[in-house]
1. Which order, highest average first, do 63-69, 78-84 follow once you tally other Cβ atoms within 10 Å for each residue and take the mean per peptide?
2. Quick one: what are the phi-derived ³J(HN,Hα) couplings along the range 25-40, Karplus 6.51/-1.76/1.60 with θ = phi - 60°, whole Hz, x for glycine and proline?
3. Using the beta-carbon distance between SER90 and SER61 and R0 = 35 Å, what value does 1/(1 + (r/R0)^6) give for FRET efficiency, to the nearest 0.05?
4. Work out how far the C-alpha atoms of the range 24-138 reach from end to end along every principal axis, then list the three figures in whole Å, largest first.
5. Could you list SER133, SER76, SER61 in order of exposure, starting from the residue whose Cβ has the fewest other Cβ atoms within 10 Å?
6. Please give the length that would be gained between CYS109 and ASP123 if that part of the chain were fully extended, namely 0.36 nm times their separation in residues minus their C-alpha to C-alpha distance (nm, one decimal).
7. Below 10 angstrom from the Cβ of GLU50, what's the summed charge of the other residues (Lys, Arg +1; Asp, Glu -1)?
Amino acid sequence: MTVYEMNERANKEIAESYIKSEEGYWHNLRKYLREYAEVTGLQGFRYVAEKRSTAEKIIWSLALIFSLGGCMYMISEILNKYENSPVVVSFATEDTPLYKMPFPAVTICPEAKYNTKVFNYSDIFYRVKDGKSVNKTK
């Protein structure tokens with residue numbers, strides 16, 4: 001075998017291994033993408049990767065594409081709005097004493113509900129407010 005033939009044979013083997021590695025690369029990439037789509041939490045990707053009819057896969061693909069397009073449109077609108085009228089936030093570093101801060105209202109609701117026929121709190125309250133007598137029987 002001549003040097004030329006050996007060189008040609010080596011080049012042919014390199015080309016074949018390159019083609020095989022390219023096929024292996026795309027095969028592995030498809031495999032990893034399918035596995036990702038099956039376990040991802042992103043809605044709809046699983047239905048495209050599962051073994052379903054072609055029509056279902058097309059419908060889910062279109063739904064995903066339109067959803068992604070809608071998201072991209074809304075993001076671009078928000079970015080345009082920010083570019084046209086940016087918001088500036090600043091914080092004043094002024095110390096305020098604790099006694100000047102309003103205390104929020106606190107409402108305590110008892111867990112044990114009472115029977116209004118036995119004890120009517122509203123009736124007792126209005127009797128006391130109107131100056132009427134209150135005894136244990138009423």
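1. On the way: 63-69: 11.9, 78-84: 9.4.
Answer by packing, highest mean first, reads 63-69, 78-84.
2. 5, 5, 5, 5, 4, 4, 5, 5, 5, 5, 5, 4, 5, 6, 10, 6
3. Working: r = 47 Å, r/R0 = 1.34.
According to the calculation, E is roughly 0.15.
4. 93, 48, 25
5. Working: SER133 7, SER76 10, SER61 14.
The order, fewest Cβ neighbours first, is SER133, SER76, SER61.
6. Numbers: separation 14, 0.36 × 14 = 5.04 nm, distance 1.91 nm.
That works out to 3.1 nm of additional length.
7. Combined, the nearby Lys, Arg, Asp and Glu give +3.
Read-outs: derived from the displayed coordinates by stated rules, not from any lab. Small disclaimer: the values here were computed from a predicted structure and weren't measured. Don't worry about glycine lacking a Cβ; one is built from the backbone with ideal geometry, like all the others, and counts go over all protein chains shown.
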